[in-house]
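The values are calculated or read from the model by the stated rules, or taken from the named source; none is laboratory data. A quick note: this is a predicted structure, and the numbers were derived from the prediction, not measured. Counting neighbours? That spans all protein chains shown, and the Cβs are built from the backbone with ideal geometry, glycine included.
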Amino acid sequence: MGWNNKVLRVNLSTGSMSVEPLRMDWARDYLGQRGLATKYLVEETDPKVDPLSPDNKMIMTTGPLTGTEASTSGRYSVVTKGPLTNAIACSNSGGFFGAELKYAGWDMIIFEGRSPKPVYLSIVDDKAELLDAAEIWGKSVWETEHWVHKKHHDPLVRVATIGAGAEKGVLYAAIVNDLHRAAGRSGVGAVMGSKNLKAVVVRGTIGMNKVKDPVAFHAASEAAKKVLADNAVTGAGLPKYGTQVLMNVINEIGAMPTRNWREVQFEGASAISGEAMYEPRQSDGKPNLVRNGACFGCTIACGRISTIDPTHFSVQGEGKERYKHASGGLEYEAAWALGSDTGIDDLDALTYANFLCNEHGLDPISFGATVAAAMELYEVGALTKEQTGGIEFKFGNAEALCKAAELTGKGEGFGLELGLGSRRLCEKYGHPEFSMTVKSQEFPAYDARGIQGMGLTYATSNRGACHLRSYTVASEVLGIPVKTDPLVTDGKPELVKAFQDATAVVDSTGLCVFTTFAWTLADFQPQIQAACEGDWSMDKLNEVGERIWNLERQYNLDAGLTAADDTLPKRLLTEAAKTGPAAGRVNDLGKMMPVYYELRGWTADGKLKPETRKRLGV
Amino acid sequence: MQRSLYIDPQKCTGCLQCEMACSYENEQAFNPSKSRIKVFAFHEEGRFVPYTCTQCAEAWCLHACPVEAITKNPATGAMEVNEKTCVGCKVCTIACPFGTVNYNTATGKVIKCDLCQGDPACAKACPTGAITYVDSSWTGLDKMRAWAAKANTAA
Amino acid sequence: MIHRYVIVGAGPAGVIAAETLRTTDPDADITLIGDEPERPYSRMAIPYLLIEKIGEEGTHLRKGNDHYDSKGIRVLRDRVEKVDAKTKRLTLKSGGAMDYDKLLVCTGSRAVRPPVPGFDLPGVHTCWTLEDARNIARLAEKGAKVVLVGAGFVGCIVLEALALRGVDLTVLEMGDRMVPRMMSPIAGGLIKSWCEKKGVRVITSTRVTGITENGGLMNKLVNTLTGKPTRALKVTLNTGETLDADLVVSAAGVAPNIEFLQGCGLEIERGILIDHYMQTNVPDIYAAGDVAQGRDFSTGGLEVHAIQPTASEHGRTAGLNMAGVPTYYRGSFNMNVLDTLGLISSSFGLWMGVEGGDRVEMCEPDRFRYLQLQFDGDIMVGATSLGLTQHVGVLRGLIQGKVPLGPWKAKLMDDPTRIMEAYLACNFAARVAPKAA
């Protein structure tokens, strides 16, 4: 089996820890990672819990294929109730931390309570200890990682940590591992901060040899790797340009949200695109991109490793030395949020802001989108220079973005207000309609007027606005697995449901959803079947995906969310796109939602019908 | 024809498939900590450098072994550790100036690259061609060995 | 003309020299003389014999039964009583004599017992030869009370073996810490507390003032009546404390085996002085291994480095030079690796540092992690480590390669655990540096 069958339960309030077997009866129904951890959360906590209270739990979990030779096997997830959304939060991260946790012999860590003082959890194989974090409390992600390596005398200890912003309640604070990979969305870092848990550091030397049928597994993973290598997106586009391959594509189809979604095409898109990252700059003749880098086990290697122009304003002055080295570069969502959404076309400023998001543990999507909202508030006069501490939040102002990242990252000054996210910020300053969010979580980089299916994706996503719950962009724009018209709503509910269920399975395996540019569930299935005990037919996997989705939904309903939360901001429903192929269009959510509810086996007010609950056992 | 591992760091993305393949081949578990090949990440430079034994002509490890547990495989040219003979004294780990012989605390023996009897798993697993198994005369290995001799002349 | 090479001493240096001679001078007449009854074996392996990880054959330097025959190396079990350098003739204990064209002395050293009353009693053993090992194995049964005198390198190796046999062990060391000649004060102290944690009593800064037999009738009677076992020996310390013991193992120092060389005119200090070619001051006599005091790579002075790699390098270099292939030896490199009940330590080069040099020391006592690096300018000259098992050899590479560290010195001063990165970056700079656009 792909599991270690070993869970670490950490009670931070008492400092006690216990080891327990993984609930294999649940694993049979929920596979692992996202699905299984959600089941644990649902069983063990009250959905109405205050996300930042000791009664909330935070689960760090690997999947059954994490740490295997399957491509992209470095994934782990953090499952908890999110403080940004007050809904289920499940954030998935790559890097090397997840596999290391698996190699230390664990599947999952469940954190309960709140430590009376800052601590960090150290795991070396089967030995787990809570250690004093006084020296690193208030430190950045990068400082913490460096401190841990020195303290533990081991450059290979893998570190997942929060920055100072998370400690101070930035609601979209991320948990960053391996310097620049993040469980980024929904504020899982804020939950960790509320527990006085600074970091989890892991060294695993036990390894993993629990794949059920190693010969079949090797064959299946080799075949699947070949599919990735032969595919134009995963074999060529992503390695070369990363997700930034999308910047020009999405802009051209008029689905590039610009200046807080007032427009749908950004005149500066090409300047901040994947292609631009290859352009040698004037100052030193070097391009922004140093090379591509992989997460653990990944044969795609979409990660960007970038440098900032050493003459750029953002890296001048004292204490800026650390930004003059290579680090995690812009991915599409970050480039969009920090750039297009704020109207900034300065690639180096975006790279700097992205470095800061990594350094301090911020979700760059929510951060950039909140800055964009602040800019709209500022431009209409609802937010003044006095209130922002002197920063001029004008669209296109790169200095403002950089300053905002510094303040929010450290949880200082106006940064604390930006740290509340756009919904709370816009409400505070009297313009809730400027908040481009669903369930209080900021949108990612695809305009739902130009890609209709994404409107339904956002509105129904269990963790608030998100592209990674059903990436219909694949079908509507890239033609994967089949091309559908992005401006049409017919068939989109079916498409969204299918993507949602399939993605829930993918997120429960330990592998990366980016493989789905090339893989369908049929490519996962033989790998899961060979790795895990039991029957994992396609039918079973589809059912598991649907079950996970419905379990998350039920959690949200029990948490107090209703069908009224399955909607989009007015701007997307009433203000038509001005330019591009989608000019004149709004998102026709109203056409799609009833069909979707019906398909899901939900009532008209978005609740699970009894027969649905029974069929799925939710 | 003697063949060698040729490593081109420019092509390495740091995915560690080589470490998984190596450990699985040798330890029957995915366990990078027991891999004979290691990828070193240079974050500040954005570089990944796979690194393993070059099966150097000096064979410091072989000469330092007090019980003849390390011998040269005439077919592959690899210096191989005989698990049964190795007593775990670790002298080879300090004798090898390249740091490519490691002590395995789990078994009480040392481990090093043995070229998988002429079919290295790391090269097969590498998705980018950063690790290849090629004709020795082609690898620039001689250059590395010359450097090694210059840097570490003892005998 | 067929050269007659005689090698006195059948340890690693002797065996490797003989093999090198055979390869380099195929027609030569090669004799290897050893005075122990066994086939040439490695003392390094004795601790593993004691814990029964290997059998006696596992200690043999070369495994094939006909190894020496097949190479045409005559192995003689005998003892050289006298060397006449003028006539180039050896006198053997068995009565005969033997002429040589070139002679290699690699007789190593022997354990010496402290000049303290009682160290010659039965039940007090050194731990040096296979014969010693057999004696110790006989007495060091599970639960036996054992006192180990000396916690230097050899003492610590024996310590591990004794502890693993399940004896009730007390270790005495005159120095203020364990392995004082290999480990810095902090590291030596950590090894001590590690051993104590593992149930070994360690007493430092203490000497034995005498050992007596516990055999008095009265004593035995009392013990029998009170149900206590009678221990054979009583060890008295300078603190006044006494320790009962079934076995005392003496690991309190060694001396070179050079007595038979009296009258040869060899220059001898702590060992036989040799030059860069393993040659002594007497023509056609070479020396190698523990008995030789040769060039120290780090200091340039003459030192005895009683370690396996030095013996091996000495043996090989001596063989080449004796066979007429002038081979310059830069000097032996002081290094050691030790496993003390699972805590692995190592030291390299000038670990105690050089005047005017920089030093970085990182210590995490709770997890028994320690790393110390010594620099002279931007060159690393020495290192000490605890708990380091991966890539430890690069410490040798960096130090012996005299690799200029450049910017990596500052990085190592900040975080010394990055030695492997420093090594790669400095040696393969072109490979690591970013590609120019």
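Here are some notes:
- Test result for C:L49, in contact (Cβ under 8 Å) with a residue 24 or more places away in the chain, of a type outside the set (F, W, Y) and under 22 Å from C:G289 (Cα atoms): no
- Among the residues of the stretch A:40-62, at least one is assigned to a helix (DSSP H, G or I), touching a residue at least 60 places away in the same chain (Cβ under 8 Å) and surrounded by 24 or more Cβ atoms within 10 Å (Cβ to Cβ).
- Entirely in the stretch B:47-123, the strands (runs of 3 or more DSSP E) that have 1 or more residues that are closer than 23 Å to C:T340 by Cα and of a type in the set (F, W, Y): B:102-104
- Matching residues in the stretch C:300-311 - criterion: being assigned to a loop (DSSP other than H, G, I, E, B) and within 8 Å of chain B (Cβ to nearest Cβ): C:I307
- The residues of the stretch B:39-63 that are among the small types (G, A, S) and under 19 Å from B:G77 (Cβ atoms), listed by number, are B:A57, B:A59.
- When the stretch C:392-416 is filtered for residues that are within 23 Å of the chain's Cα centre (by Cα), at the interface with another protein chain (Cβ under 7 Å from one of its Cβ atoms) and either within 19 Å of C:C363 (Cβ to Cβ) or hydrophobic (A, V, I, L, M, F, W, C) (or both), the ones remaining, listed by number, are C:V392, C:V394.
- Just one of the numbered conditions (1) free of Cβ contacts under 8 Å to residues at least 60 places away in the same chain; (2) at positive phi; (3) crowded, with 20+ Cβ neighbours inside 10 Å is not true of A:G584: (3).
- Residue among A:R571, A:R585, A:R613 that is of a type outside the set (S, T, Y), more than 27 Å from the chain's Cα centre (by Cα), under 30 Å from A:G254 (Cβ atoms) and at pLDDT 95 or above: A:R585
- Any hit, the stretch C:220-240, residues being closer than 23 Å to C:Q372 by Cα and assigned to a loop (DSSP other than H, G, I, E, B): no
- Qualifying residue in the stretch C:377-391 (condition: more than 26 Å from B:V110 (Cα to Cα), at pLDDT below 95 and within 11 Å of chain B (Cβ to nearest Cβ)): no
- Residue ID - surrounded by the most Cβ atoms within 10 Å (Cβ to Cβ), chosen from residues in the stretch B:16-37 that are over 25 Å from C:A45 (Cβ atoms) and more than 9 Å from chain A (Cβ to nearest Cβ): B:C18
- Residue list for the stretch A:460-494, restricted to those being crowded, with 24+ Cβ neighbours inside 10 Å and aliphatic (A, V, I, L, M): A:A465, A:V473
- Test: residue in the stretch A:372-382 that is buried (at least 22 other Cβ atoms within 10 Å of the Cβ), more than 12 Å from chain B (Cβ to nearest Cβ) and free of Cβ contacts under 8 Å to residues at least 40 places away in the same chain: yes
- Test: residue in the stretch B:38-49 that is within 9 Å of chain A (Cβ to nearest Cβ), free of Cβ contacts under 8 Å to residues at least 24 places away in the same chain and touching a Lys or Arg at 6+ places or on another chain (Cβ under 8 Å): yes
- For the stretch B:1-15, residues that are in contact with a strand residue (DSSP E or B) (Cβ under 7 Å, 6 or more places away or on another chain), assigned to a loop (DSSP other than H, G, I, E, B) and either within 8 Å of chain A (Cβ to nearest Cβ) or crowded, with 23+ Cβ neighbours inside 10 Å (or both) total 3.
- One residue stands out in the stretch A:285-306 among those that are in contact (Cβ under 8 Å) with a residue 24 or more places away in the chain, within 10 Å of another protein chain (Cβ to nearest Cβ) and over 24 Å from A:G67 (Cα atoms): the one that is surrounded by the most Cβ atoms within 10 Å (Cβ to Cβ), namely A:L289.
- Number of residues in the stretch C:208-231 that are at pLDDT 95 or above and of a type in the set (K, R) equals 0.
- Within the stretch A:130-142, restricting attention to residues that are within 14 Å of chain C (Cβ to nearest Cβ) and touching a residue at least 40 places away in the same chain (Cβ under 8 Å), the residue that is nearest to A:N5 (Cα to Cα) is A:L130.
- Being in a helix (DSSP H, G or I), modelled with pLDDT of 95 or more and either more than 10 Å from chain B (Cβ to nearest Cβ) or farther than 17 Å from C:D358 by Cα (or both) is a property that does not hold for C:A425.
- Residues that are of a type in the set (G, A, S) and either more than 15 Å from C:P114 (Cα to Cα) or surrounded by fewer than 19 Cβ atoms within 10 Å (Cβ to Cβ) (or both), drawn from the stretch C:230-266: C:A232, C:G240, C:A245, C:G253, C:A255, C:G263, C:G265
- Yes/no for C:I30 being more than 14 Å from every other protein chain (Cβ to nearest Cβ) and among the β-branched types (V, I, T): yes
Residue by residue, here is whether (1) part of a strand (DSSP E or B); (2) in contact (Cβ under 8 Å) with a residue 24 or more places away in the chain; (3) within 14 Å of chain B (Cβ to nearest Cβ) holds:
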{"site": "A:T144", "(1), (2), (3)": "no, yes, no"}
{"site": "A:P155", "(1), (2), (3)": "no, no, yes"}
{"site": "A:V176", "(1), (2), (3)": "yes, yes, yes"}
{"site": "A:L179", "(1), (2), (3)": "no, yes, yes"}
{"site": "A:A182", "(1), (2), (3)": "yes, yes, no"}
{"site": "A:S186", "(1), (2), (3)": "no, yes, no"}
{"site": "A:G189", "(1), (2), (3)": "no, yes, no"}
{"site": "A:V201", "(1), (2), (3)": "yes, yes, no"}
{"site": "A:I206", "(1), (2), (3)": "no, yes, yes"}
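- Here C:D176 does not fit the description of being in contact with a His (Cβ under 9 Å, 6 or more places away or on another chain) and either not assigned by TED's automatic domain parsing to the domain that holds C:A13 or not small (G, A, S) (or both).
Per-residue answers, yes or no, for (1) over 19 Å from the mean Cα position of the chain (by Cα); (2) farther than 24 Å from C:A13 by Cα:
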{"residue": "C:S298", "(1), (2)": "no, no"}
{"residue": "C:N321", "(1), (2)": "yes, no"}
{"residue": "C:Y329", "(1), (2)": "yes, no"}
{"residue": "C:S332", "(1), (2)": "no, no"}
{"residue": "C:N336", "(1), (2)": "no, no"}
{"residue": "C:G353", "(1), (2)": "yes, yes"}
{"residue": "C:Q374", "(1), (2)": "yes, yes"}
{"residue": "C:V381", "(1), (2)": "yes, yes"}
{"residue": "C:L388", "(1), (2)": "yes, yes"}
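- The stretch B:51-64, residues that are crowded, with 24+ Cβ neighbours inside 10 Å and more than 8 Å from chain C (Cβ to nearest Cβ): B:Q55, B:C61
- Of all the residues in the stretch C:27-76, those that are part of a loop (DSSP other than H, G, I, E, B) and either touching a helix residue (DSSP H, G or I) at 6+ places or on another chain (Cβ under 9 Å) or closer than 21 Å to C:D99 by Cα (or both) number 20.
- 2 or more residues crowded, with 20+ Cβ neighbours inside 10 Å and hydrophobic (A, V, I, L, M, F, W, C): qualifying strands (runs of 3 or more DSSP E) within the stretch C:95-191: C:102-105, C:145-149, C:168-172
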